[in-house]
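Heads up, the thing below is written out as structure tokens.
The values are calculated or read from the model by the stated rules, or taken from the named source; none is laboratory data. Note that the coordinates shown come from a computational prediction; the quantities given were computed from them, not determined experimentally. Neighbour counts run over all protein chains shown; Cβ positions are idealised from the backbone, glycine included. Just so you know, the surface numbers come from the protein's heavy atoms only, side chains and all, with ligands and any DNA or RNA stripped out. Shrake-Rupley method; radii C 1.70, N 1.55, O 1.52, S 1.80 Å.
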Amino acid sequence: MKSTRVLVLAAAILLLAGVQVWGHHAFASEFDVNKPVHITGTVTKLELVNPHAWIYVDVKDASGKVSNWAFECGASPNILIRRGFTRASLPPGSDVVIDGFQAKDN
């Protein structure tokens, strides 16, 4: 139940936060639309820093090797907090599924 709620919350934040990105820079300037990613992993850290929040996730590949991915949220911490998202919303150890696009610099 908790995992489902966290997944829905993370998806909603990423979806809603993406709208804010259009206001100050183009999506295509930083992300490659031809490199979609689907990541399942465990949250290691959440940073509510300006101008965008960051979610860090440990991801295991097919061989079992763990790598840490960083995901930039499209909204500022102020916007996320006003929408009810706090550090307690996504604590370390939470399982998440994230769909997005890889940065142009990999």
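Using DSSP to call loops (not H, G, I, E or B), can you name the trypsin sites (Lys or Arg not before Pro) in segment 40-105 whose Cβ has at most 15 other Cβ atoms within 10 angstrom? Hits after loop and neighbour filter: Lys65, Arg83, Lys104.
Between Val66 and Lys104, the FRET efficiency estimated from the beta carbon spacing at R0 = 22 angstrom works out to 0.35.
Of the accessible area of segment 30-106, computed with a 1.4 Å probe over protein heavy atoms only, carbon and sulfur atoms account for 53 percent.
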